1. Would you kindly state how much longer the chain becomes between Ile57 and Lys2 on full extension, computed as 0.36 nm times their sequence separation minus their alpha carbon distance, in nm to one decimal?
2. What is the magnitude of the charge dipole of the chain about its Cα centre, with +1 placed on the Cβ of each Lys and Arg, -1 on the Cβ of each Asp and Glu, and no other charges, expressed in debye to the nearest 20?
3. Which whole-Hz ³J(HN,Hα) couplings does region 47-63 yield from phi under the Karplus relation 6.51 cos²θ - 1.76 cosθ + 1.60, θ = phi - 60°, glycine and proline marked x?
4. Which entry is the computed Rg and Dmax of the Cα atoms in Å for this structure: [x] 12.1, 43; [y] 13.7, 46; [z] 10.2, 31?
Amino acid sequence: MKLQNKNVVVTGASTGIGRAIAIELGKEGAAVGLIARSVEKLEQTKKLVEEAGGNGIVLPCDLS
């Protein structure tokens with residue numbers, strides 16, 4: 001599954017499964033919208049996504 005030039009949104013991207021999914025999408029070359037409440041943890045996820053080859057966009061938000 002190649003996601004080069006595709007945009008995706010991952011909720012709960014600051015930790016756990018959401019972070020792992022975001023990183024895997026980054027490996028496929030996607031631009032990943034990272035949504036969660038913790039800005040600091042989202043910035044860490046963004047760094048990991050970009051190291052994997054994707055682009056990260058931090059979007060702090062509480063979806064409850």
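Please treat every number below as a calculation from the coordinates, not as lab data. All values reported here derive from a predicted model rather than from experimental measurement. Note: ideal-geometry Cβ built from the backbone for every residue, glycine included; neighbour counts use all protein chains shown.
1. That pair, Ile57 and Lys2, stretches by 17.9 nm at full extension.
2. Roughly 100 debye for the chain.
3. Once θ is set to phi - 60°, the couplings for region 47-63 become 4, 5, 4, 5, 5, 7, x, x, 10, x, 10, 7, 10, x, 6, 9, 8 Hz.
4. Correct label is [z].
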